[in-house]
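Participant: One structure is given below, represented as structure tokens, and several questions about it will come after.
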Amino acid sequence: MTDSLRGVLRAEPAQARALLPDHLDALDYLATMVAVVEPDGQCLFANAAFEEILGLSRRSVMRESIFDWFIDPAVLQDIVGAVASNEYATSRLQAELKRHPNVFGEPLPVQCIVTRLEHGDLVLIELVEIEQQTRQEREERALDQAQANKELIRNLAHEIKNPLGGIRGAAQLLQMELESKSLTEYTQVIIHEADRLQALVDRLLAPHRRPHLVGDVNIHEVCERVRSLILAEFPKGLKVWRDYDTSIPDFRGDREQLIQAVLNIAHNAAQALAERIQAGDAKLTLRTRVARRVTINRQLHRLALVLHIEDNGPGIPDAIRDRIFYPLVSGREGGSGLGLTLAQTFVQQHQGTIECESEPGRTVFRILIPLP
């Protein structure tokens, strides 16, 4: 790193942005926090993600030592000094990053990656949110699992459908030959159960058969439709609260698919609130927000819609918490186990994802969909 580049990094943020070499300017496009520092921790450059997560401007960040933003900076100080003096090229550690108290409050656990730059003694520090890293790994597993589920469901449904038609047809023919009414009751059971299984197969195949009808979608129209349907089915004992960010723009998508996805989640929540509905204190909240610089399914998006569907029910049982999006897995007696699977499929068709956090008294499903 030359003295002239060091001077650029020390310049006013607007001037520095114009003069930065391409390889440093590109750091603003990363979702992770990146800073260039002196061996003593003096911050010379911080990327856009660093500014956003700290809740401070680049100018404010550059006025202080980067060590001032950590709860216990001693280990990081030693590592930065060692990397700057070329004792080793790179190192990793876990630490807690302070955040602006007026914006965030609680410290942020991060994975720190400290690397020596090629020229001079400057050090590049990359901070990866541990929660974000965990979420990305979880998203990748969910995406792979969804693809496997899709193939399994499609193949299984076709394998069931063909013999099912034969069973139903044979039962109908047998019924025509029977004279005893008591015996025809048995054939009626066969026909009825075959029809029920056929309906189940059709539901399994529905997301893959139905064309993706793309148009302009207003997420609040989707939420209002779901709200009206939920209140029509549960008119007493349940309050559905709205907390909308009305500045969220329309986006391109399949309105009916999104209504079905949100309805499946909200309906599951309402059914889980049965005891609280009887007590009259059941609460379901629909909350919309915009998130910036969000990574979804391995891609970084500048803006994303975040829809929270929150309830004050008993929570998801631990035994199925990691499998709730698998087909035919249900925490409710008599449930088909398809509602969340279909919701996940519909959201993924919009390049989005669904996350879930649950504990007794609070369950939150979070739908993220990229915005233009």
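Participant: In the range 163-203, how many residues are more than 30 Å from Leu342 (Cβ to Cβ) and of a type in the set (A, V, I, L, M, F, W, C)?
Facilitator: Matching residues across the range 163-203 total 6.
Participant: With a cut-off of at least 3 residues that are closer than 19 Å to Arg227 by Cα and at pLDDT 80 or above, name the strands (runs of 3 or more DSSP E) lying wholly within the range 256-372. Write out each step before concluding.
Facilitator: Working: elements: 282-296, 299-311, 353-359, 362-370.
The strands (runs of 3 or more DSSP E) meeting that bar are 282-296, 299-311, 362-370.
Participant: Given the residues His208, His212, which is the only one that is exposed (fewer than 13 other Cβ atoms within 10 Å of the Cβ), under 16 Å from Gln348 (Cβ atoms), at pLDDT below 95 and in contact with a Ser or Thr (Cβ under 9 Å, 6 or more places away or on another chain)?
Facilitator: Details: His212 fails: in contact with a Ser or Thr (Cβ under 9 Å, 6 or more places away or on another chain).
Just one listed residue meets the conditions, His208.
Participant: Has the range 216-232 got at least one residue that is surrounded by 15 or more Cβ atoms within 10 Å (Cβ to Cβ), of a type outside the set (Phe, Trp, Tyr) and at pLDDT below 90?
Facilitator: No, because not a single residue in the range 216-232 is surrounded by 15 or more Cβ atoms within 10 Å (Cβ to Cβ), of a type outside the set (Phe, Trp, Tyr) and at pLDDT below 90.
Participant: Another question, if that's okay. In this structure, is Ala49 touching a strand residue (DSSP E or B) at 6+ places or on another chain (Cβ under 9 Å), crowded, with 19+ Cβ neighbours inside 10 Å, in a helix (DSSP H, G or I) and modelled with pLDDT of 75 or more?
Facilitator: Values: touching a strand residue (DSSP E or B) at 6+ places or on another chain (Cβ under 9 Å): yes; crowded, with 19+ Cβ neighbours inside 10 Å: yes; in a helix (DSSP H, G or I): yes; modelled with pLDDT of 75 or more: yes.
For Ala49, the condition - touching a strand residue (DSSP E or B) at 6+ places or on another chain (Cβ under 9 Å), crowded, with 19+ Cβ neighbours inside 10 Å, in a helix (DSSP H, G or I) and modelled with pLDDT of 75 or more - is met.
Participant: Then there's this: Which of the numbered conditions does Ala26 fail, given that it passes all the others? Conditions: (1) surrounded by 15 or more Cβ atoms within 10 Å (Cβ to Cβ); (2) modelled with pLDDT of 50 or more.
Facilitator: It fails just one condition, (1).
Participant: Hey, can you tell me all the residues within the range 252-282 that are buried (at least 17 other Cβ atoms within 10 Å of the Cβ) and either under 30 Å from Met33 (Cβ atoms) or of a type in the set (Lys, Arg) (or both)?
Facilitator: Arg255, Arg276
Participant: Being of a type in the set (Lys, Arg) and modelled with pLDDT of 85 or more is the filter here; which residues of the range 91-124 pass it? Can you show your working first?
Facilitator: The first filter runs over the range 91-124 and keeps only residues of a type in the set (Lys, Arg), leaving 92, 98-99, 116.
Those that are of a type in the set (Lys, Arg) and modelled with pLDDT of 85 or more: Arg92, Arg116.
Participant: So, in the range 52-70, how many residues would count as being in contact (Cβ under 8 Å) with a residue 40 or more places away in the chain, part of a helix (DSSP H, G or I) and more than 27 Å from the chain's Cα centre (by Cα)?
Facilitator: Initially, the range 52-70 is screened for residues in contact (Cβ under 8 Å) with a residue 40 or more places away in the chain, giving 52-59, 62, 66.
Pick out the ones that are also part of a helix (DSSP H, G or I) and you get 52-54, 58-59, 62, 66.
Okay, now just the ones that are also more than 27 Å from the chain's Cα centre (by Cα), so 58-59, 62, 66.
Counting residues in the range 52-70 that are in contact (Cβ under 8 Å) with a residue 40 or more places away in the chain, part of a helix (DSSP H, G or I) and more than 27 Å from the chain's Cα centre (by Cα) gives 4.
The values are calculated or read from the model by the stated rules, or taken from the named source; none is laboratory data. Just so it is clear, the model here is predicted, and its values are computed rather than measured. We place every Cβ from the backbone using ideal geometry, glycine too, and count neighbours over all the protein chains shown.
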